[in-house]
Amino acid sequence: MISKKAIAICAIVGVSVSGIVMAAPANAEPVSNSYAIVGSDTLQDVVNAAVNGTTVSGSNVRSLANGTAVGSFDATGGVLIQTKPAGARFGRPNGSGDGVKALSRSLDGAAYTSATPGSPAAIITGQVDIARSSSGPGSSANTNGLLAYVPFGRDALTYAHSGTNTGFDNLDLATLTGIFNCSITAVNGVSVTAVIPQAGSGTRESWLSKLSLTSAYSTANPSCVKVGQEHDTIALADGSPFPDNAITAMSAAQWVAQNTGAGINRIGTATNRVGMLNPAKVGTPIAGTNAVTGTNAAMTPNSAFYSNATWGRDTYLVVEYARIEAGNPKFDATLANLLDPSKASSLTNTGTFASTTGAAKKKFGFLAPSSTTPLRSNLR
């Protein structure tokens, strides 16, 4: 549970539960009359579904802010977005880091420039309330920081590769590291191309950290390391713009959602397949465990892989800490409830009943996070 100090539970301000009429499609981007959410591609589809309304769990579920719709903005699309009525138009935040940066600029009033190409600098004070993040605060962590990373759900990192070459299945950490640092250019006699997610991606940050690499090192080798949009494997499967036999980082939750139909399908042709890391080869005790179980609509997260200390990861919704701290002059009871896991349809709920957001989130490949305690961080 999130402590009472961090997130108060106010009986007079609730978050909508089941029984709400379905809203606009998950890719709709209305100007928000309440809170605006931007950032991570990993969490995009599941958060969109929660705030717009979904029946994926078998019951109507929707997360509202005291009866008012919340706006969640895709990581990709048009270059500019407008999140609030009469608000500034600014560059679309694409990825966890970019989303947290936008939230930070919304709070401190400094100019924000999106990682999305062609984005102009803009003052966006008060235009972003929540950032989706597939990674924790990292080096920005500070127990007295102005931001709170509120746990959303458990995901895991695996990799996707193109083609039908089974020689790319079950690659170990050493091989993956070699592929991404350019010391390995062929696997089992087949040439391979590494594709890392775009700048500002939390998946990119997490993936390279697992491989003990930095973004600067990988992007310094454009002859063997390419950059692509995270979780979009159409380019891999279809062989353009990346060559056949490319490998990229993949959120297991995104892979589940795209295969079950809960999320937006960006898999590509039927020849695309997901490679499963073999933890026994990277020194973990769960030998041969796949990231997911089942296929197509029956695919589900594999809790054994998700709980692995190396490849499992918690994901977060990031907000200004003062707004969810009971007793703080900035405390916002509606926002606090929207992020309170005890509420059946709050964004952070992990329940199992069909009428809870937690049940819907599992259909998108997310399990309960390893902790419900928020982490503090400095602005970025």
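Below is a table of values for the structure above.
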read-out	value
Full-extension gain in nm, Thr55 to Leu80, via 0.36 nm per residue minus C-alpha separation	6.0 nm
Gain upon complete extension [Ala174, Ser191; 0.36 nm per residue less C-alpha separation]	4.4 nm
Pairwise FRET efficiency - Thr295 versus Phe353, Cβ, R0 = 25 Å, nearest 0.05	0.45
Contour excess over end-to-end distance, with Cα ends at Thr373 and Ser183 and 0.36 nm allotted per residue	64.4 nm
Estimated vicinal HN-Hα couplings, Hz - the stretch 83-89 in sequence order (Karplus 6.51, -1.76, 1.60; Gly, Pro = x)	9, 10, x, 6, x, 5, 8
Exceeding the 26 Å Cα-Cα cut-off - candidates Lys84/Lys210; Lys101/Lys226; Lys101/Lys210; Lys101/Lys343	Lys84/Lys210; Lys101/Lys343
Accessible-area order (highest first, 1.4 angstrom probe) of the listed residues Lys330, Lys343	Lys330, Lys343
Other-chain or far-sequence residues with amide H under 5 Å of Ser345's (modelled H)	Thr357
Calculated FRET efficiency for the pair Lys330/Val31, C-beta based, R₀ 25 Å, to 0.05	0.60
Cross-link partners of Lys361 among aspartates and glutamates (Cα-Cα below 19 Å; sequence separation of 8 or more within a chain)	Asp41, Asp45, Asp74, Asp155, Asp314, Asp340
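The values are calculated or read from the model by the stated rules, or taken from the named source; none is laboratory data. The structure displayed is predicted, hence computed values, not measured ones. Ideal geometry is used to build each Cβ from the backbone, glycine not excepted, and the neighbour counts take in all protein chains shown. The protein model used for the area step is the full one, side chains on, heavy atoms only, and it has no ligands, DNA or RNA in it. Shrake-Rupley method; radii C 1.70, N 1.55, O 1.52, S 1.80 Å.
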